[in-house]
1. Need the full-extension length gain, ASN15 to ALA147, defined as separation in residues times 0.36 nm minus the C-alpha distance. One decimal, nm.
2. What is the calculated FRET efficiency for LEU347 to LYS291, with r their C-beta to C-beta distance and R₀ = 25 Å, to the nearest 0.05?
3. Take the cross-link list LYS122/LYS232; LYS80/LYS291; LYS80/LYS191; LYS56/LYS191; LYS180/LYS224; LYS180/LYS291 and give me the ones stretching past 32 Å between alpha-carbons.
4. Label points 7 Å out from Cα along the Cβ direction at ASN72 and ARG48: separation in nm?
5. To the nearest 500 deg cm²/dmol, what mean residue ellipticity at 222 nm is calculated for the chain from DSSP H runs of n ≥ 4 alone, each contributing -39,500 (n - 2.57), summed and divided by the residues?
6. Just subtract the alpha-carbon distance of GLU130 and ASP277 from 0.36 nm times their residue separation and send over the number in nm, one decimal.
7. Starting from the Cα of ASP114, move 7 Å in the Cα-to-Cβ direction to define the label point; list residues of segment 54-86 whose amide nitrogen is under 20 Å from there.
8. Taking every DSSP beta bridge that has both residues in the chain, what percent is antiparallel when rounded to the nearest 5?
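Every number here is computed from the coordinates shown, using simple stated rules; none is lab data. Bear in mind the structure is a predicted one, so any value in this text is a computation, not a measurement. Every residue, glycine among them, receives a Cβ derived from its backbone with ideal geometry; neighbour counts consider all protein chains shown.
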Amino acid sequence: MTTRILPALRGLMSNQQTLPRLKRIEPDGKEPVVSIPPGCADVPGALRKQLPAGAKRVTIDTLGTYEAGFSNAHGRVAGKIAVVTGAAQGFGFEIAADLARQGAWVALADINVDGVNAAAAKINADCGRETAIGVAVNVADADSLKAALEQVVAAFGGVDLFVANAGVLRAGSVKELSVKDLDFVTNVNYKGYFLSVQTVAPIMALQHQTVPEVWFDIVQINSKSGLTGSNKNGAYAGSKFGGIGLTQSFALELVEDGIKVNSICPGNFYDGPLWSDPQKGLFKQYLDSGKVPGAKTFADVKKFYEAKVPMRRGCTTPDVMKAIYYLTEQAYETGQALPVTGGQVMLS
Ligand SMILES: NC(=O)c1ccc[n+]([C@@H]2O[C@H](COP(=O)([O-])OP(=O)(O)OC[C@H]3O[C@@H](n4cnc5c(N)ncnc54)[C@H](O)[C@@H]3O)[C@@H](O)[C@H]2O)c1
C-alpha cells in the first residue's frame, strides 16, 4: 500500500513543482484524515477529493500520519530522493555520498546488509545530518526489490532518482565459463536492472501523474563493456550490452510516465575494490592468471590497461558524477548510453 499511496500524496503536497519528503510523525489529532479503501483503483483521485488545500500534515487511515517537509539543503540535487543500488562500496557508495553532499536524501541499497548500513552511517556522520538510510536488497529478486522500495517510500515518501549501479563480474573464456557463473552475472546485471526498473517506475509514474510538469530519472551504471566487446569477459559484456537494450526500450515506454532512462558507461575504476581488493580484486586475478603478458606486479597490470586509454588514466567517481548530473539536469535526453572512458570508446 505504501508505494501506491505516498508517492501520489507527495505529488499533491508539492510546492510549485518541488516535491516534499514525507516523514512519518506522531498524530496530534488535528490532522485531516484521508481514507483510501484497499484495492482503490484511483488513489490520486481519491486523495485529491479528500486532501484539504495547503495541508502540510495528513493522516492516511491505513498508513499513519505524514508531514511534508521541504529541504533547506543546497546542492545540485537538493531535496531530491535518490536510491543507489550496490551502494555498500565502490562506485555505488561514492555516488551515494556525492548525492548526499549535493543535498539529496539517499537510500543505499545492497545485498551486503552490514556493509550498506555502515556506509549510510558514514554518510550521515560526514554530512552532519540524517540524510541516508541503508536498505537490504537483492536486485535479482523481485520480492526483495519490492520490499526495499516499500522501505524507501515509507522513509522518504517516493523516489526522484534511481541509480541502478549493482553489478558483478565473473571474467572467463567462453570456452570455459560455467553456466553457474553465466547465470550469476546475467541475474544481477541484466535481470536485476530489468526488475529494478519494473519496481521503481510505478512509483515515479504516480508522482508524475500528480505533478505532470516534473520528470524523474533512472540512471544505469553500465560499462565501456556495454559498448564494445571484452576479451574473455563475454558474460559481463553481454549483460551490459543487454542493459543498453533495456535502457533504450524503457526510455521509449516510460516517456509517457515522465521518466527519463539513461545509461552511463564508465571505463575501468582502478581505485574501487573490484580492481584493488588485494585478495579478490582484478589486479590480483589478472596477475595470477597471466592475462597481462610479462606483468609481475599490480602496477604492471594497471599500466597495461591505462595504455589502452587515450587519456592514460582510469575512471573516477567525480568523472561519473558529472555524467549523472548532466543526464538528470538535461531535460531533453533519454535512452542514451553515455561513455565516460577518457576516449577509450568513441561513439559513431
Ligand atoms: N569497477 C570498474 O572498473 C567498473 C567499470 C565500469 C562499470 N562498472 C560498473 O559499476 C557498477 C559498480 O561497480 P563497482 O566496481 O563499484 O563494484 P563493487 O564490486 O565494488 O560493488 C558492487 C556492489 O554491488 C553489490 N551487489 C552485488 N550483487 C548485488 C545484488 N544482487 N543486489 C544488490 N547489491 C548487489 C555488492 O555487495 C557491492 O557492494 C557495476 O555495475 C559495474 O559493472 C565498474
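1. Value of the extension gain: 44.6 nm.
2. With R0 = 25 Å, the Cβ-Cβ based efficiency is 0.40.
3. From LYS122/LYS232; LYS80/LYS291; LYS80/LYS191; LYS56/LYS191; LYS180/LYS224; LYS180/LYS291, over 32 Å: LYS122/LYS232; LYS80/LYS291; LYS56/LYS191.
4. For the pair ASN72/ARG48, the computed spacing is 3.4 nm.
5. -12500 deg cm²/dmol
6. Roughly 49.9 nm would be gained on extension.
7. From segment 54-86, the list is 86.
8. For the chain, the DSSP antiparallel bridge percentage is about 25.
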